[in-house]
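The values are calculated or read from the model by the stated rules, or taken from the named source; none is laboratory data. Computed from a predicted structure; not experimentally measured. As a convention, Cβ positions derive from the backbone with ideal geometry for all residues, glycine included, and neighbour counts pool all protein chains shown. Protein only, heavy atoms only, side chains kept; ligands, DNA and RNA dropped before computing areas. Shrake-Rupley method; radii C 1.70, N 1.55, O 1.52, S 1.80 Å.
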Amino acid sequence: MNTDSPNIDTATARALIAANPDVLVVDVRTPAEFETAHIGGAINLPLDQVDAHLRRIVADAGGRMLLICQSGGRATQAHKKLCEAGLPDAVVLTGGMNAWIASGAPVVRGRQRWSLERQVRLVAGGIVLASIVADLWLPGARFAGAFVGAGLVFAGLTDTCAMGMLLSRLPYNRGAGADVDAALACIRRPGRSAA
């Protein structure tokens, strides 16, 4: 089965949503990221919940699904998992919310929070800087920075991010929390329309 992600740009996504009110926009970012800004009518089903409920999503899904995250990486991961599990009728928004907002498309805004990608850059940079400074007094501390650097290279090569997955579990990133049961109910509900 082909698990390459069929990507669509913002203009195509907007046309798809406008032409078919049953298109389900599934945002796989953390609840806090979703709370900051999301597409009207989208449901929040964080990537870790896609993993946890994969069989149910595939069994209940009906119709076209547009997957979105901050920049496209997590949505692509969700797409691959859904395709491998037998749900091929999903597309990924190229560039994610970054591209959606940059194009001037409408968003629902809430409490502003840092994106997960920004948090990863802060934590990774902080660890590297701290390890170099600490190495002045504790020889060998620089290897913590090297470990983080190796992790970032691995994340780039595999399009996964262990640090991001860990940070997504922090209370800050949970926000009000995703209502997984409501999101899963939307997936199987026919005749969905944008809210």
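For the reader, a short list of remarks on this structure follows.
- Put the Cα centre of the stretch 40-103 next to the Cα centre of the stretch 133-149 and the gap is 38 Å.
- Highest to lowest packing among 148-154, 35-41, scored as the average C-beta count within 10 Å: 35-41, 148-154
- Were the residues from THR160 through ALA11 laid out at 0.36 nm apart, the gain over their Cα-Cα distance would be 50.9 nm.
- Normalised by 2.2 N^0.38 Å, where N is the number of residues, the C-alpha radius of gyration of the stretch 5-141 stands at 1.25.
- Stretchable slack from ALA85 to ARG169, in nm (0.36 nm times residue separation minus alpha-carbon distance): 27.8 nm
- Student exercise, the stretch 1-54 dipole from Lys, Arg, Asp, Glu Cβ charges, in Debye to nearest 20: 180 debye
- Here the average projected area of the convex hull drawn through the C-alpha atoms of the stretch 1-81 stands at 5.5 nm².
- For the chain, the per residue solvent-accessible surface stands at 51 Å², with DNA, RNA and ligands left out and a 1.4 Å probe.
- Across the stretch 38-86, the mean sequence separation of Cα contacts (distance under 8 Å, 6 or more residues apart), normalised by length, yields a relative contact order of 41 percent.
- Using a cutoff of 8 angstrom between alpha carbon atoms and counting only pairs six or more residues apart, the relative contact order for the chain works out to 31 percent.
- Test item: Cα-centred dipole of the chain, Lys/Arg +1 and Asp/Glu -1 on Cβ, debye: 300 debye
- Largest accessible area first, the listed residues PHE143, PHE34 line up as PHE143, PHE34 when surface is computed with a 1.4 Å probe on the assembled protein chains.
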